[in-house]
4 protein chains.
Amino acid sequence: MKVNQISIKKDMKVSELMEEFKGSGVLGAGRVARASNLLVNMINDPDMDIFMSMAGPLVPGGLRYIVGDLIRNKRIKVLITSGANITHDLLESFGGRHYRDLGFNDEELNDAGIGRISDVYTQSEDFEVFESEIIKIFETISKKIDNDKDNGIISIQRLLKEVGSLIEDENSILRLAYENDVSIFAPGLIDSMFGLQLWMFTQDHKLVVDAVGDMHYLSDLVFESDKIGAIMLGGGLPKHYTLASNLLKGGIDSGLQITMDRPETGSLSGAPLEEAKSWSKAKHGSNLVTVVGDATALFPLIYAAALDKID
Amino acid sequence: MKVNQISIKKDMKVSELMEEFKGSGVLGAGRVARASNLLVNMINDPDMDIFMSMAGPLVPGGLRYIVGDLIRNKRIKVLITSGANITHDLLESFGGRHYRDLGFNDEELNDAGIGRISDVYTQSEDFEVFESEIIKIFETISKKIDNDKDNGIISIQRLLKEVGSLIEDENSILRLAYENDVSIFAPGLIDSMFGLQLWMFTQDHKLVVDAVGDMHYLSDLVFESDKIGAIMLGGGLPKHYTLASNLLKGGIDSGLQITMDRPETGSLSGAPLEEAKSWSKAKHGSNLVTVVGDATALFPLIYAAALDKID
Amino acid sequence: MKVNQISIKKDMKVSELMEEFKGSGVLGAGRVARASNLLVNMINDPDMDIFMSMAGPLVPGGLRYIVGDLIRNKRIKVLITSGANITHDLLESFGGRHYRDLGFNDEELNDAGIGRISDVYTQSEDFEVFESEIIKIFETISKKIDNDKDNGIISIQRLLKEVGSLIEDENSILRLAYENDVSIFAPGLIDSMFGLQLWMFTQDHKLVVDAVGDMHYLSDLVFESDKIGAIMLGGGLPKHYTLASNLLKGGIDSGLQITMDRPETGSLSGAPLEEAKSWSKAKHGSNLVTVVGDATALFPLIYAAALDKID
Amino acid sequence: MKVNQISIKKDMKVSELMEEFKGSGVLGAGRVARASNLLVNMINDPDMDIFMSMAGPLVPGGLRYIVGDLIRNKRIKVLITSGANITHDLLESFGGRHYRDLGFNDEELNDAGIGRISDVYTQSEDFEVFESEIIKIFETISKKIDNDKDNGIISIQRLLKEVGSLIEDENSILRLAYENDVSIFAPGLIDSMFGLQLWMFTQDHKLVVDAVGDMHYLSDLVFESDKIGAIMLGGGLPKHYTLASNLLKGGIDSGLQITMDRPETGSLSGAPLEEAKSWSKAKHGSNLVTVVGDATALFPLIYAAALDKID
């Protein structure tokens, strides 16, 4: 098959540019086009449920509305992410913001109460509001749970659902997930500012977060899907959990990942998706696409192009 | 200061090569030399406790004895790692092995019951033994815990300590940690074959693993140390947890990381350690070294050279 | 300054997506937006001439028309590239093509006469046509030069201009450069299939390619420009030559690079553009943007968005 | 085959550490061990000639003596490198040095006359000495050449040999190459400070550097070798030229490369060596090893370990 040269023009639509990438079909442009095409197919397939994982600072890094859009339109069924992304989603819901152009001298930033994530910045005042608000939410949940049959024990997914139900922010990922029956899993939740507040709260409240408690429900979600497609933004625990949750049913049917990590160290974060086949985490013959690059630019590009083809 | 050219010779000792790297002091060789020097200083400092994080397939990838050596010599106080490394440590303790040179066709590997991690391979028979053995251990622990005051609730660190006490393998990281009073934390434990078996076990046994339960103890460990140095092999949850656990006390005093991930995406895995200062996870003026490369080659090199200078 | 979350919509234009990236302003999306904005400013500035470097397989990889478009619209004044990109431009002009989806077994590909560049393929028949055609062109040039005052000595830029004048292909980069008075430099020309044929031709023809001969003319081009902006796709010799050619006048005024190489090894290919300031290859206060990623996807994205803002 | 865990000990020799890497055989340690083993086999094979390429700042970065050692012991037959490494070799021969720990503010460095290559620094005084000395050498060579049959035309390899003959520094790569009949090729020579001075010199002296002139001699070197092994440090033009020079004879017989560049962009710098087979630049069945990492640390490690096994 021949490689077509890419043509561009004035007033070009994102989906037109993606068609050009598809016509080329090679190197980075080819990967991006295959990912966008696969995303269209996954969303348009009525028998396919989509699990999405998100690692790295994608909420602080600008993808909060895009994830929200996927949830609002019920295009994903499951979101697996880090405690950090949940923290930053809530931080914005409580009125905080993320900032930029504040410099790179980390000692000076620390003195000014500014935490840095590459070129994204947070302010300690916003975290103070986060802390006081999340404690109130924990209190509400704690009281509710206490009267449960579970005797004060709650799973992470259930906890996040309860939090979502108490957030008043139409752009909140947690709120949108609650409203649209999308399940959020965060197996490493404790390792975050959210987790830190949770720990402090449990010091003098009866609330036990069950680390294992979500597996049964997640397993049910996997088994009730005819087919599963996975969108994996970044690697880490969220990517591993997404793939591993599909192990019992023989693996995902389709998968796309965007990662900047290398495969050679053996870490799953940079591993080719094909490797998942050996572990029965991706099916034989499954459609798997790896895009190498930064998800904050490439996922909006891929999804915006896909929008023009989604039924 | 001048850059000396590196000289090598026959029968050279690793520590002599490292001296040459120190004399050069620039690019990759300079980073490696600074890391080795810092490791010597961290270990030789009687007031410094060392926290070590390990992400990626470092136990399957050949670092099991080296981590064991650090524990046996009480050079580290805390080990923070993934469920996968714990699984693979136990897999070897139960008689399993890791393999190589088995090819890269993942569908064929899957058909043959072989799981691939880059160029490291595992066999399903070994996992079957792992499953039957770990279940027995869970049964023992479950009975022990059931009679506890905690009413069947156990933290991850406590669970791993109990597992370590029941392993009969002098090379086991879990066993050595148990014997030498080194605490192992694995906040993402559930996301592993160990976690999968744990879930299945809890389906019909009373055992609740408390996701938040380790924070108090970990916090105590941080506060009882005069100074803390961190060795971070790979990124991910283990690196984040290591740094975050030091937040409440103003950050680590020294840190070295070996990572192949890039900083530009904003993920912590590739972030420069200086960024931790902005979050009070590393102290102002702390000694921080980043080595870019593969830990399976570079950490043995760094540690072997350090051995000749450790008191 | 606050980070805005990125919003996407159906029928979105590339330039609208870029506005969203600009509103975010951080991580990869922020880099891409700054690059696109800088490209607009460079092109719209009547006092700025643009030097473009291109390393890596960007002609086989789909950017031939886009480079052609920049030349046709006289948006660049100088193109600095590798012998390989020149070879592949001519290969298409002589009727050859680039191919895809031919597999990754290099011994089988070799047996089938197929050369592989990652996932781009070439066929030996196309190279055979290239060889017979380029020899004819060398013959024509040789005869023309022989009667010159230069006694059979020609510089690389002059040679490429003569080649361009003899190509009948409206999409040829060499032809377009000839027609639009854009100068092409290729200091490493000899290291390519073009160079190989050139060598063979010189075995029995009087034609000497002067390695140093372009410097005077390139220096004139630098000095006759009020300001110089540089677009650097990939690193290597073309990037170095672009920056070094500006050394004598104190450096470039603006620069954007797209590269996937890392800075830590010290190679210029992955070096931050700021480093060029220390060498007087970029001016103090110059506007410099580095995008980390694959140019075959990102440069069309950046340029397509810029088109809507170019005067 | 089983993966052995790596053991280290006090007073360990580099070659003992390498044996441990060989016993592991996987991930980065496995790659390093295979590279060292291949280097031993290449050097010990009496029928194999070694071509070495060197890109990136490896002379400023500490590998000058190691390359010198390879030449002095006649372990390599050909060195292919950049004009920059030749410039920095001469800069040290003329009494200049490379420096470190001078900071990263490039505008301040420029004001102080300091050029930065990552964390390696040069001083303008040293370049001034370089300039005055190299001009004297050009004058000597120009006079010698002028009386030649070649009428003032010289190839790059011949020029570098003449320079080497005039250098009084027992550690100079150029001098050692001259003394030991090792041929140095630098097809991109012009793109360097050496090239800049060469150009200035040719402005008012009769000296033409023939860009194509080395191909015949290089081809002879390839054809007179029974077998060819390649050591490729970094990518770029030197790697391409090394592989391409072997095209006419069907490709190299063995090859090892150390690179930090990624394969996905299609640039040769990060390409797997297997790709060379498709182009007849590496033989079917050739032994090819890629090490991912920084050559300033890894090549001394690999070569020092090899020394204990070289006949």
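Couple of notes before you dig in:
- Rounded Å value of the spacing that divides the Cα centres of segment C:248-297 and segment C:158-206: 28 Å
- Per-copy distances of the B:HIS205 label point, shortest first, in nm (7 angstrom along Cα→Cβ): 3.2, 8.2, 8.4
- Karplus (6.51, -1.76, 1.60) ³J(HN,Hα), θ = phi - 60°, over segment D:237-250, in Hz, Gly and Pro reported as x: 4, x, 5, 4, 5, 4, 5, 5, 5, 8, 4, 5, 9, x
- For B:LYS74, inter-copy separations between label points set 7 Å beyond Cα along the Cβ vector come to 5.9, 6.2, 8.1 nm, shortest first.
- Members of A:LYS22/A:LYS283; A:LYS227/B:LYS136; A:LYS74/C:LYS13; B:LYS10/D:LYS74; C:LYS13/C:LYS161 lying beyond 27 Å, as alpha-carbon distances in this model show: A:LYS227/B:LYS136; C:LYS13/C:LYS161
- Listing B:LYS13, C:LYS309, D:LYS9 from fewest to most neighbouring C-beta atoms within 10 Å gives D:LYS9, C:LYS309, B:LYS13.
- Rounded to the nearest 20, the Cβ-based charge dipole of segment B:54-112 about its Cα centre (Lys and Arg +1, Asp and Glu -1) stands at 740 debye.
- Anisotropy class of segment B:49-225 from Cα gyration tensor, a/c 1.5 cut: oblate
- Placing unit charges on each Cβ (+1 for Lys and Arg, -1 for Asp and Glu) gives chain C a dipole about its Cα centre, and among C:TYR65, C:GLY95, C:PHE130 the Cα reaching farthest toward its positive end belongs to C:TYR65.
- The calculated pair-distance distribution of segment B:180-311 uses every alpha carbon pair, bins of 10 angstrom beginning at 0, and gives 11, 34, 34, 17, 4, 0 percent.
- Per principal axis, descending, Cα span of chain B in whole Å: 67, 48, 39
- For the rotation that carries chain B onto chain D, the axis lies closest to a Cβ at B:GLY293, 2, where the number is the distance in whole Å.
- For the protein assembly as shown, the share of DSSP beta bridges that are antiparallel, to the nearest 5, is 20%.
- Using a 7 Å Cα-to-Cβ projection, B:MET1 label spacings across copies, nm, ascending: 3.8, 4.1, 5.5
- DSSP bridge pairs, segment B:49-225: antiparallel proportion in percent, nearest 5: 35 percent
- Computed magnitude of the charge dipole of chain A (debye, nearest 20; Cβ of K, R +1, Cβ of D, E -1): 1280 debye
- Under 13 Å from A:LYS249, Cα to Cα: aspartates and glutamates that are on another chain or at least 8 residues apart: A:ASP220, A:GLU224, A:ASP226
- Cα-based convex hull, the protein assembly as shown, per residue volume (Å³, whole number): 153 Å³
- Cα-Cα separations in segment D:1-137 greater than 21 Å, expressed as whole percent: 60 percent
- Partners for B:LYS144 among aspartates and glutamates (Cα-Cα distance below 13 Å; same-chain residues under 8 apart left out): B:GLU162
- Distance between modelled label sites at B:LYS206 and C:GLU224, nm, 7 Å Cα→Cβ extension: 9.1 nm
- Dipole magnitude of segment C:77-225 about its Cα centre (Cβ charges: Lys, Arg +1; Asp, Glu -1), debye to nearest 20: 520 debye
- DSSP beta bridges confined to chain D are antiparallel in about 15 percent of cases.
- Segment D:1-58-segment D:64-89 distance, computed between alpha-carbon centres (Å): 21 Å
- In nm, spacing of pseudo-spin labels at C:LYS143 and A:ARG100 (7 Å Cα→C-beta vector): 5.9 nm
- For segment A:60-133, the equivalent ellipsoid derived from the alpha-carbon gyration tensor has semi-axes of 26, 14, 10 Å in decreasing order.
- Listed by Cβ neighbour count within 10 Å, with the fewest neighbours leading, C:VAL289, B:VAL222 appear as B:VAL222, C:VAL289.
- At most 14 other Cβ within 10 Å, DSSP loop - trypsin sites (Lys or Arg not before Pro), segment C:134-177: C:LYS149
- Straight Cα distances below 18 angstrom link B:LYS239 to the aspartates and glutamates A:ASP191, A:ASP261, B:ASP49, B:ASP191, B:ASP214, B:ASP253, B:ASP261, B:GLU264, B:GLU274, B:GLU275, B:ASP294, with same-chain residues fewer than 8 positions distant left out.
- Ranked list, fewest to most other Cβ atoms within 10 Å of each Cβ, for B:HIS98, D:HIS240: B:HIS98, D:HIS240
Throughout, read-outs are computed from the coordinates displayed, never taken from laboratory work. Quick caveat, the model's predicted, so the values are computed rather than measured. Virtual Cβ from ideal backbone geometry, glycine too; neighbours counted across all protein chains shown.
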